[in-house]
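K.L.:
Below you'll find the structure I mean.
What follows is calculated from the coordinates using simple rules that are stated; it is not laboratory data. Please read these numbers as outputs of a predicted model, since none were measured by experiment. For neighbour counting, all protein chains shown are included, and Cβ atoms are generated from backbone atoms with ideal geometry for every residue, glycine included.
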Amino acid sequence: MYQQPVVLYVEDEERSRKVMRMIASDMGLSTVTIFENSQDFLPRALALDPRPDVIFLDIHMKPFTGFEMLEMLRQTPQYEHTPIVAMTASVMNEEVQQLRTAGFDGCLAKPLDMDTFPESLNRIVMGEQIWRIFS
Amino acid sequence: MWQSLRLRLTIIFIGLAVVPVMIVGLFLAQRGFAAEQEQALDLQRQVAQRVSAELDAYLQGVETNLQSIGDELRGLEQPDRAQQLSILLNALNTGTYRNLYEGLILLDRDGHEHLHVTRNEIVNSDVVVDRSAAPEFTQPSSTRETYVAHAYYDEATSQALVTIAIPMYRLRSVELSGVLVADVRLNAIRNMLAGLQVGDNQMVYVADEDGHVVARRDVPVAAEEASPAFSSVDGRGTGLDGTDVLFATDNVEFGGHTFTAVAERSVDDALESAQNGLQVSGMVTALALLAAGALVFVTVRQVVRPIERLSRTAQDIRDGNLEARAAVTSQDEIGTLAQSFNDMTARLQEMIIYLEDLVEERVRDLALASDVSRQITTELDFTKLLSEVADLTTTSFDLYHTSIFLFDDDDQTITLRQGTGEVGEQMVAGGKQFRLSDQGLVPQAARDRQIALSNDVLANPHHFKNPLLPETRSELALPMMYGNQLVGVLDLQSQTVGRFDDEDVKIMTTLAEQIAIAVRNAALFEEVERVSKVKSAFLASMSHELRTPLNAIINFTKYVAKGSAGPVNDEQRESLNEVIDSGKHLLNLINDVLDMSKIESGSLNLFVEDNVDLKPVIQAVAATGRTLLQDKPVTVQVDVPNSLPLVKADRQRILQVLLNVMSNACKFTEDGSITLRVNQGDDEIIFAVQDTGAGIAPQDQQAVFEAFKQTETGLRQGGGTGLGMPISKSLIEAHGGRIWLESELGKGTTFYITLPVNSTVLEPSLIT
């Protein structure tokens, strides 16, 4: 019996959010929450119920960047061990390096590959690190 | 050298001392000998004179004796033959002259022998011997004088004889009665000679006028014997026994004949004392020579030895022993010389030590300058560089303060960018700035492009007294020049008056040049870094800005093409797939271009993991190949050993490379198969991707791995950037592996990739 993972996606760009919604809909995933900005990020994330199994963060955001959000989440007991994956179009070497250094559990580069996304999601939930830089 | 000096001095001293001694010695010896000889000769003369006097007396005595015999005979009243004979015999055998006469003849007035007696017989001849014509008769009878005949040697009696005849007169009448003839034995003189009081070795003899020896002192004259000295003058000659003698003669006249008295003495004997004297003087001379030689030796030694010692000391010093000193053993000129020499050496030593110190100091300064230069020229961080320059310069050269001013070409100002210590920070924060026209050493150095030096700032009215640096006494401002460009000013301050001499200025000038270069390099590097950062930021931004819309394009299209948004017919789906492919292609282009730019700028970083499992990678590659080939009659075969070691690698990049090779194979193979074979070598994994495609012409094979050189076929068929293989090559080589291909036109291509199991070339700095 396949249990749907609970997903949180933080993305300030409309089309990317739409892509995610589309992919989720396509794979029949109904447990996806999307934040359109990082305003009051931590309280909102902590308020989530059920708690997300995996969190996707865009990096270039305001007022908090993906790195800051990661930092905040890691400070909480709730999300200390939750897979947190960067979902970004900034995948130049140094940028990926920064993601790794910061402590992300993986990266799915934009553009996303909707064909492989379900499998990737699955593996992430299972605790695997996925660094899909090239699509 | 010293030998020759010693030799020369010895020769000179011998010339000066020994030779005169020898000459004087020889001269004196010769003189002494001559005197001795003359003395000895005088002695001989005296002897000869005595002999001649005795001889004269003797002969006179003989004559007198004869006359007395004659008188006796005359005194007979009646000449009686017997009486006469008795007188004659008596005369022969008695009295003083008893051995004198060999024979006596009494001639009558007519010259006939009246009586004739010899030592052996009374000659009674029947025949009257007539001597009337003989000189022994004619001479005395006519002259009425004693007649002396020539001396002769009588073989019969072995006697030298001389005949003497005296006239005889009648009693009391002057009428000649006859002549008394006597054969006188000259040998009888020997007794007279033997009686002479002369030395034992003194030879005395008498010769007649013919040069025959008629009597000699030692032995009777045995035969007619010639006198070797007869014709000689007094002096040295041959003696009777044939040896060298010293002789003298004196003549005695008797009866018209000359007798010569000869005194001779062997030279050895006569000159014994002279020779002794000669020996003595020889010995004295030899002693003098010895003494002179010793003196010479000692003197030369005295003179030469200190010089030798001096010379040895000089050699010691030459050989580097500056501690060597000459012994001063006297107060004379050589002592003074040695003392001067020592003083000179000491002075030399002082100078050498001074020079060595000086050189050492210079070398140290140069080493310090070079040290500072080396440290700063490798420093590219601008701020750090300036700080290091200031600190190193101050500490290395023991300065009070170092400041670095940089020149701004645009507004022609010089601004303090670095200063040592808190004071420096304070001043930099205060924004210390000069215009070129300002007063002070720093603006002056910048203005003139030359050093500005004040070794006593308190005495310099133009010096700007900085209250933050109250102890400054010397200041040296050096323009930092890069070629003809002024980069800035290096300002050095010391608490010591007169700190900077010419050599310091030289060294500091070199240092300032080096700093200028370093500053310049750091500035350039900073600029390059800045440009590089801008470029990276641009690329990152571009990547981000292109990917974001592609996310929507590809996924929306896929969504629609799948029919999730409503039914689509085949034509629509085909068109939508074209959009998807184009989008993916665009994405690949972006990826490749970005990768290539990273590779070219050297900023391609690998995410290296220690234990990468290659199996899932290989499966993913095979799966991708099958997906790509689903419309072609090409099969994908995988040949992988059951176990593969975990490798140290960037998994994503290895996947990228293998996918690249696989997708190329898929792209260029129309039918047949693609085989992915993996083998384990010694320390590496070997991948082979073999296809049955068109193959690559030999002339094109190298170009496959070169950027922007896609082959004709590739361009025609595949599209793409042509950067995939060059990127793959760079990625594999970054892992320490290799990539190459083997191909035959019409038969296919095999790409080989090796990957070290434990790569040693992966830089640790790239591993996070």
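K.L.:
Using only Cα atoms, what is the ratio of the radius of gyration of the stretch B:204-341 to 2.2 N^0.38 Å?
P.N.:
2.40
K.L.:
What is the stretch A:7-132 by shape, rounded, prolate or oblate, if you read a ≥ b ≥ c off the alpha carbon gyration tensor as root eigenvalues and call it rounded for a/c under 1.5, prolate for a/b larger than b/c, and oblate otherwise?
P.N.:
Working: a/c = 1.25, a/b = 1.08, b/c = 1.15.
Rounded shape, in that the Cα axes give a/c under 1.5.
K.L.:
A further question follows. Considering the options B:Leu629, B:Ala48, B:Gln279, tell which one lies farthest towards the positive end of the dipole of the protein assembly as shown, charges being +1 on Lys and Arg and -1 on Asp and Glu at the Cβ, about the Cα centre.
P.N.:
Result: B:Leu629, furthest along the dipole toward the positive end.
K.L.:
At B:Val19 and B:Arg170, where each label point lies 7 Å from the Cα along Cα→Cβ, what is the point-to-point distance in nanometres?
P.N.:
Using points 7 Å along Cα→Cβ, the separation is 9.1 nm.
K.L.:
Hey, another quick one. Let me make sure I get this right: for the stretch B:596-691, a, b and c are the square roots of the gyration tensor eigenvalues over alpha carbons, sorted descending. Under 1.5 in a/c it's rounded, otherwise prolate if a/b > b/c, else oblate. Which is it?
P.N.:
On the way: a/c = 2.34, a/b = 1.33, b/c = 1.76.
It comes out oblate by the Cα gyration axes.
K.L.:
Relative to 2.2 N^0.38 Å, what does the C-alpha radius of gyration of the stretch B:531-689 come to as a ratio? Two decimals please. Please report the intermediate quantities before stating the final value.
P.N.:
Details: Rg = 18.9 Å, N = 159, 2.2 N^0.38 = 15.1 Å.
My calculation over the Cα atoms of the stretch B:531-689 gives 1.25.
K.L.:
Sticking with this one: Taking the 0 to 90 degree range and rounding to the nearest ten, how far is the long axis of helix B:2-13 tilted relative to the main principal axis of chain B, both from C-alpha atoms?
P.N.:
With both axes taken from Cα atoms, the answer is about 20 degrees.
K.L.:
Straight-line reach only, C-alpha to C-alpha below 23 angstrom: list the lysines that B:Lys432 could link to, leaving out same-chain residues fewer than 8 apart.
P.N.:
In chain and number order, the partners are B:Lys384, B:Lys465.
K.L.:
Expressed as an acute angle from 0 to 90° and rounded to the nearest 10, what is the orientation of the C-alpha long axis of helix B:19-74 relative to the principal long axis of chain B?
P.N.:
So the helix axis and the longest Cα principal axis differ by about 10 degrees.
K.L.:
At B:Asp411 and A:Met72, where each label point lies 7 Å from the Cα along Cα→Cβ, what is the point-to-point distance in nanometres?
P.N.:
4.3 nm
K.L.:
For B:Ala156, what is the net charge nearby, where nearby means another residue's Cβ is under 15 Å from its Cβ and Lys, Arg count +1, Asp, Glu -1?
P.N.:
Taking every Cβ under 15 Å from that of B:Ala156, the sum is -4.
K.L.:
Next question, about the same structure. Could you work out, residue by residue across B:541-554, how many beta carbons of other chains sit within 10 Å of that residue's beta carbon, and then give the average as an integer? It would help to have the intermediate numbers written out before the result.
P.N.:
On the way: counts 2, 1, 6, 9, 2, 2, 8, 10, 6, 5, 15, 9, 3, 7.
Average per residue, whole number: 6.
K.L.:
Could you name the lysines in cross-link range of B:Lys506, using Cα to Cα under 22 Å and dropping any fewer than eight places away on the same chain?
P.N.:
Straight-line reach from B:Lys506, under 22 Å: no lysines qualify.
K.L.:
Could you state the number of Å between the C-alpha centres of the stretch B:507-555 and the stretch B:577-597?
P.N.:
Result: 26 Å between the Cα centres.
K.L.:
Can you give the angle from 0 to 90° between the axis of helix B:81-93 and the longest principal axis of chain B, with both taken from C-alpha atoms, to the nearest 10?
P.N.:
20 degrees
K.L.:
Looking at this model, which pairs from A:Lys110/B:Lys533; B:Lys562/B:Lys632; B:Lys558/B:Lys598 are more than 25 angstrom apart at the alpha-carbon?
P.N.:
Where the Cα-Cα span goes over 25 Å, the pairs concerned are B:Lys558/B:Lys598.
K.L.:
Roughly how big is the protein assembly as shown's charge dipole about its Cα centre, with Cβ charges of +1 (Lys, Arg) and -1 (Asp, Glu), in debye to the nearest 20?
P.N.:
Details: 75 positive and 126 negative charges, 699 e Å.
Magnitude of the dipole: close to 3360 debye.
K.L.:
Where does the Debye-calculated log10 I(q)/I(0) of the stretch B:92-250 sit at q = 0.14, 0.19 Å⁻¹, using only Cα point scatterers of equal weight, no solvent?
P.N.:
The Debye formula, applied to the Cα set alone, gives -0.79, -1.16.
K.L.:
For the protein assembly as shown, what is Rg from Cα atoms divided by 2.2 N^0.38 Å, rounded to two decimals?
P.N.:
2.63
K.L.:
By the gyration tensor of its Cα atoms, with a ≥ b ≥ c the square roots of the eigenvalues, what is the shape of chain B: rounded for a/c under 1.5, prolate for a/b over b/c, or oblate?
P.N.:
Values: a/c = 9.23, a/b = 3.70, b/c = 2.49.
Taking the square roots of the gyration eigenvalues as a ≥ b ≥ c, chain B is prolate.
K.L.:
Taking every DSSP beta bridge with both residues inside chain B, roughly what % is antiparallel (nearest 5)? Don't skip to the end; give the middle numbers.
P.N.:
Details: 101 of 107 bridges.
Just about 95 percent of them are antiparallel.
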